[in-house]
1. Report, by residue number, each residue of the range 61-72 that is open to solvent by less than 90 Å² (accessible area, probe 1.4 Å), touching a strand residue (DSSP E or B) at 6+ places or on another chain (Cβ under 9 Å) and not hydrophobic (A, V, I, L, M, F, W, C).
2. Please determine, by comparing only the residues of the range 8-21 that are part of a helix (DSSP H, G or I) and not β-branched (Val, Ile, Thr), which one is farthest from ARG43 (Cα to Cα).
3. Considering each of LEU50, LEU8 in turn, give the residue that is in contact with a Ser or Thr (Cβ under 8 Å, 6 or more places away or on another chain) and open to solvent by less than 70 Å² (accessible area, probe 1.4 Å).
4. Pull up the range 73-93, narrow it to residues that are surrounded by 11 or more Cβ atoms within 10 Å (Cβ to Cβ) and at pLDDT below 90, then point me to the one that is nearest to the chain's Cα centre (by Cα).
5. Among (1) within 11 Å of the chain's Cα centre (by Cα); (2) open to solvent by 80 Å² or more (accessible area, probe 1.4 Å), which single condition is ARG56 missing?
6. Would you mind finding the one in ILE62, ILE4 that is under 9 Å from the mean Cα position of the chain (by Cα) and in contact (Cβ under 8 Å) with a residue 12 or more places away in the chain?
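The values are calculated or read from the model by the stated rules, or taken from the named source; none is laboratory data. All values derive from a computational prediction rather than experimental measurement. Positions of Cβ are generated from backbone atoms using ideal geometry, with glycine treated the same way; all protein chains shown enter the neighbour counts. Heads up: the accessible areas ignore ligands, DNA and RNA and are worked out on the full protein's heavy atoms, side chains in. Shrake-Rupley method; radii C 1.70, N 1.55, O 1.52, S 1.80 Å.
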Amino acid sequence: MYLIDIRLKGDQVTEDQPTAHCQWFSRHFEAGDFLIVGPSKSRAQSGLILARQMARKDLDQIITEDAFYPAGADYLVNEFEAKLVADQIKGDA
């Protein structure tokens, strides 16, 4: 799995980018690529995405489709293996 920390570069955000960004993460959430998506409550103009396990090249391709890529945001990607998952997160998996 991947934890993606997206940090916007506020001085480079255009008027249409936020809408296109929402469409991007909604599309990949509905496709099952993203499992959890949300804005950061402790850091302005940033958010986190928990992405399913996939080849890193596939994740990199998905990131390039974001409206903020490459100049409007920094993408910190951390691959990890979930060892413990709470039942309320697991659902029917």
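1. Matches in the range 61-72: ASP66, GLY72.
2. Let us first name the residues in the range 8-21 that are part of a helix (DSSP H, G or I), namely 10-12, 17-21.
Retained after the next criterion (residues that are not β-branched (Val, Ile, Thr)): 10-12, 17-18, 20-21.
Working: GLY10: 12, ASP11: 16, GLN12: 17, GLN17: 19, PRO18: 17, ALA20: 21, HIS21: 18 Å.
Filtering the range 8-21 for residues that are part of a helix (DSSP H, G or I) and not β-branched (Val, Ile, Thr), the one farthest from ARG43 (Cα to Cα) comes out as ALA20.
3. Working: LEU50 fails: in contact with a Ser or Thr (Cβ under 8 Å, 6 or more places away or on another chain).
One residue alone meets the criteria, LEU8.
4. ILE89
5. It fails just one condition, (1).
6. Among ILE62, ILE4, only ILE4 is under 9 Å from the mean Cα position of the chain (by Cα) and in contact (Cβ under 8 Å) with a residue 12 or more places away in the chain.
A quick yes/no check of all residues on (1) of a type in the set (S, T, N, Q); (2) closer than 15 Å to TYR2 by Cβ; (3) touching a Phe, Trp or Tyr at 6+ places or on another chain (Cβ under 9 Å):
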| position | (1), (2), (3) |
| --- | --- |
| CYS22 | no, no, no |
| LEU35 | no, yes, yes |
| LYS41 | no, no, no |
| ALA44 | no, no, no |
| ALA55 | no, yes, no |
| ILE62 | no, yes, yes |
| PRO70 | no, no, no |
| ALA73 | no, no, no |
| GLU79 | no, yes, yes |
